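Please read the structure below before turning to the comments.
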Amino acid sequence: MSALAAGMVAGCTPRRGMHDAIASGSSDSRESVNTWHASRRFIGTRFGDIAYADRGSGPAALFLHGFPLNSFQWRGALDRLSPHRRCIAPDSLGLGYTHVAQGVNITPATQVQMLTAFLDALSIRDVDLIASDSGGAVAQLFLTHHPDRVRTVLLTNCDVESDCPPPAVVPVIELAKKGRFADEWLAPWVADKTLARSDKGLGGMTFTYPQRLADETIDMYLRPLVQSPQRKALTNAYAVGLAPNPLAGTASLLKQSQVPARIIWGTGDTIFSQADAAYLDHALPRSQGVRRIEGAKLFFPEEFPDVIAEEARTLWSV
């Protein structure tokens, strides 16, 4: 226990650094949200019309978001990294603004198949992966299924085989199985933004500074997920697809990886265990270690884009 504490102190970013990162983050004014909507692209695949952001040029970096977010999560990182990579951030099947084809079974394995088709449609051979939350589970599956298509992988707080799904997510999955998650959790947050920012909402549970979540940001993430019975069903299906353990059997495959990796972990996360970061560090032979961000909650990549950009550029130079 003391060794873990010492490691956390050695690898932590102080709170002052976190404030600096936030101060330089993206604005969520109505104008910036409208600009994001206007720049959204779509590309057709057999899984549906995939919504995505595309910034910059050169070798591609692929950004995978968490649940129930969408590619907007990465806006600050894309601003900072697009001078160095072609930064591509798709909306996952069942989330955001992607239109899912009829009959598609929404699971992490299917997300990998979709990403393969998505990259093929864009004529992209290989990528630098950056992923968060359930997007991190998809990234691990993509890495183990297509190791030749991944140059580097940067993971923030996310599922690992030994903690998938984490206990905190099980009630969400059970409610989704009953078709009630979107109606009972997300819809009230869309209707009441103060509730959404509270300890009982998306903000308080997963953001380090929930009071900074703009109404427009909450709507960007959640409104499309509850806009119709069909979208609510897809949202529930995304949650249901998180069990049983989609990462079962990946440990031995990760240990074979020769891809340079880096893990950034928020210590304030109440969903994924601190031990999960050590698991990834040990599982990936070319891991460059773990950077722990003091007090940061699950969706800190949105709040501290400078941290993501700094770590990504360092990893890409390995």
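Taken together, the values in this text are just the output of simple stated rules run on the coordinates, not laboratory data. Keep in mind it's a predicted model, so treat the numbers as computed, not measured. Positions of Cβ are generated from backbone atoms using ideal geometry, with glycine treated the same way; all protein chains shown enter the neighbour counts.
Among Trp185, Trp36, Trp265, rank each residue by its count of other Cβ atoms within 10 Å, from fewest to most, as a rough exposure measure. Write down the numbers at each step before the final one.
Details: Trp185 21, Trp36 17, Trp265 26.
Fewest to most other Cβ atoms nearby, the residues stand as Trp36, Trp185, Trp265.
Order the peptides 216-223, 286-293 from the highest to the lowest mean number of other Cβ atoms within 10 Å of their residues. If you can, show how the numbers build up before the last one.
Details: 216-223: 20.5, 286-293: 18.4.
Going by the mean number of other Cβ atoms within 10 Å, highest first, we get 216-223, 286-293.
With all distinct Cα pairs included, what does the Kirkwood hydrodynamic radius of the chain come out to in Å, to one decimal, could you say? Roughly 19.4 Å, rounded to one decimal. Over segment 29-103, the ratio between the Cα radius of gyration and 2.2 N^0.38 Å evaluates to 1.09. With 21 Å as the limit, the listed pairs Lys193/Lys232; Lys177/Lys232; Lys178/Lys232; Lys232/Lys297 have Lys232/Lys297 beyond it between alpha carbons. Each of Ser198, Ser162, Ser317 has some number of other Cβ atoms within 10 Å of its Cβ, and from fewest to most they run Ser317, Ser162, Ser198.
Please report, to one decimal in angstroms, the Kirkwood hydrodynamic radius of segment 86-128 built from all distinct Cα-Cα pairs.
11.3 Å
By the gyration tensor of its Cα atoms, with a ≥ b ≥ c the square roots of the eigenvalues, what is the shape of segment 162-318: rounded for a/c under 1.5, prolate for a/b over b/c, or oblate? Oblate, because a/c is 1.5 or more while a/b does not exceed b/c. Once C-alpha pairs closer than 8 Å and six or more residues apart are averaged by separation and normalised to the residue number of the chain, the relative contact order reads 23 percent.
Taking K and R as +1 and D and E as -1, what net charge do the other residues with C-beta under 13 Å from the C-beta of Gly94 add up to? Please report the intermediate quantities before stating the final value.
Working: positive: Arg231, Lys232; negative: Asp91.
Computed value for this residue: +1.
For Thr144, Thr116, Thr35, the sequence from fewest to most other C-beta atoms within 10 Å is Thr35, Thr116, Thr144. Taking the average, over residues, of other Cβ atoms within 10 Å as the packing measure, peptides 129-140, 89-100 rank 129-140, 89-100 from highest down.
Rounded to the nearest 20, the size of the Cβ-charge dipole of segment 134-226 about its Cα centre is 100 debye, with Lys and Arg at +1 and Asp and Glu at -1.
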